[in-house]
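Comments concern the structure below.
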Amino acid sequence: MLQPDNGLRLSPTAISQPWHGSVEALAFTGQEIKACLTNLEQPCYIVERAGQTGATNVAPVWENYQAAPQGETRAMVAPLALHQFGDPTFLQAHGVRYAYTGGAMANAISSEEMVIAFGRAGMLCSFGAAGLVPTRLTAAIQRIQQALPNGPYAFNLIHSPSEEALEQNAVELYLKHQVQTVEASAFLALTPHIVRYRAAGLRLNQQNQIEIQNRIIAKISRTEVASQFLQPAPAKLLQPLVAAGLITAQQAELAEHVPVADDVTAEADSGGHTDNRPLVSLLPAILALRDELQAKYQFAQPVRVGAGGGISTPAAALGAFMMGAAYLVTGSVNQACTEAGASEHTRKLLAEAGMADVMMAPAADMFEMGVKLQVLKKGTLFPMRAQKLYELYQRYDSLETLPKDEREKLERQLFRRNLDVVWEDTVAYFKERDPEQIQRAQENPKRKMALVFRWYLGLSSRWSNTGEKGREMDYQIWAGPALGAFNAWVRNSYLAQPENRHVVEVAHHILTGAALLYRVQSLRLQGVYLPPFYAQYQPMPLTS
């Protein structure tokens, strides 16, 4: 009896080899064929028999057969385990099972819970250390190290040109507590602090080989910055560290033979700090630069290049791997999960966002430089209000020169208090964090205005994380268009509800969907046309 049309069509270019096996193992309906494709642990054969095209996971008998063939093998795909994606040296170096990582999101949005959940599942995640005072960061280090004594975990090291003490203090803590992997982000150039972290972990083993104990994963969006991490640290940064007794002369010498970073993440259009680069242009450019510098320096282990920004669906994940990414970095999708250090209201907004519901807004940490980051615009007025502050900062030289009506509007709508009181709060805040900032501001009225404006920019992200009541329209929520793509993909699945989103499950579904898509595309390249139905992966709750 003929089965309903399953949509499979064969090209004349498809292979044709005798197929010997059990006829009962052949599947001819669409659902049965898709089940064969999603059985990733087994090969999948496309078989033509009696004018019908079907599939099976059962291997044909290739030798010692006497009977006539039961059909023709027209294409096949091998088994594909999720750990086969990416660069195996990445898995080995970081002690992980999957080339899928959770990127850092500041103010502990990439929380201890998130790092631990990823780590227990064999995936690396970077704790969002940016914006935290040393006591809070120390507590996070201790908790994560207790939960994951053998890793894997990483901590963020963010470039802080306006508050250098933050970067320095973080490095001090990482060295003290033997944090052996950091994710460097927002760097405009190498600094003495990140070079110190790298060099302080170098030594020679008994075989006279260089051992790298302090690993760096650098997130970058520009080739000129990437080149600095893909080469050895310059002597102009190493020698002052030796003179100050922060590294040894031998460590400085060893640093001349290894790149600054072990891994470089090509960060495309992402949430938070971003240059909005398209991944299809950025990743190949960074890979080519890596190859050029590897040919020059001949490092024992070439720097691996991963991909981040825009990774939120199976198609995006597969595309990045097929372009040569050694690993993936996710961000926006993780912030919408239960483990994120974000409020329930924020996660709900994130779960409802579309790809066009994001925009650029001034960044608190690089406000004076005009650096922007990507945030959610749906359900909050933060982007517009932050831009207003930057326009006022550009136009006026001090708080005292602000027009009376503008100042009153700021005090009433944004700050909800007198700006003089805001300055008092700012002084108290920086006494613990970086006292030098106050001294610089007292000597420079425009600098003082910047710090006062940064009060709003800094607290707005904290309000989003803690769920500050009455401040919902001021929430600063970092997100990229990847989030909208994810929401569209899971719209009709259990992951549509934010309370069902867990970082490990999301990772599993993205990688599984990518594996299914790879198999479908491989068969298409072999001359088998499969309708879109076969490539569509719908997430289902995982069974324990």
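The values are calculated or read from the model by the stated rules, or taken from the named source; none is laboratory data. Quantities reported herein were computed from a predicted structural model and do not represent experimental measurements. We place every Cβ from the backbone using ideal geometry, glycine too, and count neighbours over all the protein chains shown. Remember, those area values only see protein heavy atoms, side chains included, never the ligands or the DNA or RNA. Shrake-Rupley method; radii C 1.70, N 1.55, O 1.52, S 1.80 Å.
Calculate, in nm to one decimal, what Glu256 and Phe533 gain on full extension: separation in residues at 0.36 nm each, minus their alpha carbon distance.
So the extension gain works out to 94.4 nm.
Using alpha carbon centroids, what distance separates the range 473-497 and the range 335-413, in Å?
19
Which order do the peptides 479-487, 93-101, 17-25 take when ranked by the mean count of other beta-carbon atoms within 10 Å per residue, highest first?
Those peptides, ordered most packed to least, come out 479-487, 93-101, 17-25.
What dipole magnitude, in Debye to the nearest 20, does the chain give about its Cα centre under +1 on Lys/Arg Cβ and -1 on Asp/Glu Cβ?
Result for the chain is approximately 440 debye, rounded to the nearest 20.
Rounded to the nearest 10 Å², what accessible area does His273 have for a 1.4 Å probe in the complete protein model?
It works out to around 50 Å².
What is the ratio of the Cα radius of gyration of the range 203-350 to 2.2 N^0.38 Å, where N is its residue count, to two decimals?
That works out to 1.24 for the range 203-350.
Provide the FRET efficiency to the nearest 0.05 for the Glu406-Met323 pair, computing r from the beta carbons and using R0 = 56 Å.
Taking R0 as 56 Å, the efficiency between Glu406 and Met323 is 0.70.
Please work out how much length the chain gains when fully extended from Gln31 to Gln207, using 0.36 nm per residue of separation minus the C-alpha to C-alpha distance, in nm with one decimal.
Length difference between fully extended and current span is 57.7 nm.
Over the residues of the range 102-233, compute the C-alpha Rg and express it relative to 2.2 N^0.38 Å.
1.03
At 1.4 Å probe size, what's the solvent-accessible area of Asp291? Round to the nearest 10 Å².
80
At a 1.4 Å probe radius, carbon and sulfur cover how many percent of the accessible area of the range 133-182?
44
Using +1 on the beta carbon of Lys and Arg, -1 on that of Asp and Glu, and nothing else charged, what's the dipole of the range 34-165 about the Cα centre, debye to 20?
That gives the range 34-165 a dipole magnitude of about 240 debye.
Cα atoms only, the chain: Rg and Dmax in Å?
Rg then Dmax for the chain, in Å: 26.6, 97.
Rounded to a whole number, what % of the accessible area of the range 306-450 do carbon and sulfur atoms account for, probe 1.4 Å?
50
What is the distance in Å between the Cα centroid of the range 12-60 and that of the range 257-318?
Measuring centre to centre over Cα atoms gives 38 Å.
Structure shown: which of Lys378/Lys446; Lys409/Lys448; Lys236/Lys446; Lys348/Lys377 lie over 23 Å apart, alpha-carbon to alpha-carbon?
Those over the limit are Lys378/Lys446; Lys236/Lys446.
Taking every Cα atom in the range 411-496, find the radius of gyration and the maximum pairwise distance Dmax, and write them in Å.
Final numbers for Rg and Dmax: 17.9, 58 Å.
Solvent-accessible area per residue for the range 201-333 at a 1.4 Å probe radius, Å²?
Counting only protein heavy atoms, the per-residue value for the range 201-333 is 41 Å².
Return one whole number: the accessible area per residue of the range 94-178 in Å², for a 1.4 Å probe.
That works out to 34 Å² per residue.
Semi-axes of the equivalent ellipsoid of the range 73-177: what are they in whole Å, largest first, if each equals the square root of 5 times a C-alpha gyration tensor eigenvalue?
Each semi-axis is the square root of five times an eigenvalue, giving 33, 14, 11 Å.
Given a 1.4 Å probe and every protein chain left where it sits, what share in percent of the accessible area of the range 9-55 is carbon and sulfur?
Accessible surface attributable to carbon and sulfur in the range 9-55 totals 49 percent.
Rank Met114, Met540 by accessible area, highest first, at a 1.4 Å probe radius?
If we order Met114, Met540 from most to least accessible, we get Met540, Met114.
As an exercise, use a Förster radius of 56 Å and the Cβ-Cβ distance of Arg416 and Ala50 to find the FRET efficiency, rounded to the nearest 0.05.
My answer for the efficiency is 0.15.
Based on DSSP, what percent of beta bridges with both residues in the chain are antiparallel, to the nearest 5?
Among the beta bridges of the chain, antiparallel pairing accounts for roughly 50 percent.
For the range 332-467, take every pair of Cα atoms, bin their distances at 10 Å starting from 0, and report each bin as a whole percent.
Using 10 Å bins, I get a P(r) of 11, 39, 33, 15, 2 for the range 332-467.
Going by accessible area, probe 1.4 Å, with all protein chains left in place, what is the ranking of Lys469, Lys448, largest first?
Result, largest first: Lys469, Lys448.
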